[in-house]
Amino acid sequence: MRPMKCTALATVAVTCLMLEPAMAAGVFTLSSPAFKDGERLATKNAGNAKTNPNCVGENISPPLSWANPPEGTKSYALLMFDPEGRPPGGVSHWVAYGIPVSVTGFAEGEVSRDSDKYVGGLSTQKVGHYSGPCTPPGAPHHYTFTLIATDLEPAALKPGLTRDELIKALDGHAKAATGLIGTFQHQ
């Protein structure tokens, strides 16, 4: 009976040693100190287009941070998409890519304007920076932030790509993706 215990204990020890590097690397994550996954975005994060009564905010982008990219990551792409907006196609609120691997997040308000930390694509609103929610009254919309780790150099893609063009350009170059959902409802 003693040899079995040693064998079982040895198996556990070897398994733990094999898993330790993977566990040390951690899971690729996207988070925000301003809201947890599935929680409401602050009103200040909503859009501020004066011609749209559903834009009740200040268009201040929420802070975002990420960690543990997969090995070989050279740049990131970040998308913010509202699948319930403008049925049936949804609304692309932000398309950013060419984010250097050295960048591990954006401060609050940092991407509410153009930045040298990313290449701006074109949102549904035809801007290359964050464009906050302008949700009509009623049920909340879900704003999906998707961070994609790529094997592309930061300057590999031209500026001004739409969400669909970026997704096509990343085909075969995406190493992993992680996401975070914020909700918003006009009150």
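The values are calculated or read from the model by the stated rules, or taken from the named source; none is laboratory data. Keep in mind that what you see is a predicted model, and the values were worked out from it rather than measured. When we count neighbours, we look across all protein chains shown, and the Cβ atoms used for this are built from the backbone with ideal geometry, even at glycine. Areas reflect the complete protein model, heavy atoms only, side chains present, ligands, DNA and RNA absent. Shrake-Rupley method; radii C 1.70, N 1.55, O 1.52, S 1.80 Å.
Among the residues of the stretch 24-55, those identified as hydroxyl-bearing (S, T, Y), out of contact with any Leu (no Cβ under 6 Å at 6 or more places or on another chain) and open to solvent by less than 80 Å² (accessible area, probe 1.4 Å) are T29, S31, T43.
Per-residue answers, yes or no, for (1) in contact with a Ser or Thr (Cβ under 8 Å, 6 or more places away or on another chain); (2) more than 21 Å from G160 (Cα to Cα):
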| position | (1), (2) |
| --- | --- |
| F28 | yes, yes |
| K36 | no, yes |
| P53 | no, yes |
| G57 | yes, yes |
| S61 | yes, no |
| E71 | no, yes |
| D82 | yes, no |
| H129 | yes, no |
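With the structure loaded, tell me whether L122 is touching a residue at least 40 places away in the same chain (Cβ under 8 Å), closer than 30 Å to Q187 by Cα and more than 15 Å from the chain's Cα centre (by Cα) or whether it fails that test. Step through it out loud before you land on a result.
Working: touching a residue at least 40 places away in the same chain (Cβ under 8 Å): yes; closer than 30 Å to Q187 by Cα: yes; more than 15 Å from the chain's Cα centre (by Cα): yes.
Taking the combined requirement at face value, the residue satisfies it.
Check whether at least one residue in the stretch 129-139 is touching a strand residue (DSSP E or B) at 6+ places or on another chain (Cβ under 9 Å) and assigned to a strand (DSSP E or B), and report yes or no.
Yes; the residues of the stretch 129-139 include at least one that is touching a strand residue (DSSP E or B) at 6+ places or on another chain (Cβ under 9 Å) and assigned to a strand (DSSP E or B).
Taking the stretch 153-163, which residues are outside any helix (DSSP H, G or I) and surrounded by 19 or more Cβ atoms within 10 Å (Cβ to Cβ)? Selection gives P154, L157, L161. Within the stretch 164-187, being open to solvent by 40 Å² or more (accessible area, probe 1.4 Å) and either over 13 Å from the mean Cα position of the chain (by Cα) or at positive phi (or both) holds for D164, E165, I167, K168, D171, G172, H173, A174, K175, Q185, Q187.
Might you let me know whether the stretch 80-88 holds any residue that is open to solvent by 50 Å² or more (accessible area, probe 1.4 Å), within 30 Å of V27 (Cβ to Cβ) and in contact with a strand residue (DSSP E or B) (Cβ under 9 Å, 6 or more places away or on another chain)? There is at least one residue in the stretch 80-88 that is open to solvent by 50 Å² or more (accessible area, probe 1.4 Å), within 30 Å of V27 (Cβ to Cβ) and in contact with a strand residue (DSSP E or B) (Cβ under 9 Å, 6 or more places away or on another chain). Is it true that some residue in the stretch 173-180 is free of Cβ contacts under 8 Å to residues at least 12 places away in the same chain and in a loop (DSSP other than H, G, I, E, B)? No, because not a single residue in the stretch 173-180 is free of Cβ contacts under 8 Å to residues at least 12 places away in the same chain and in a loop (DSSP other than H, G, I, E, B).
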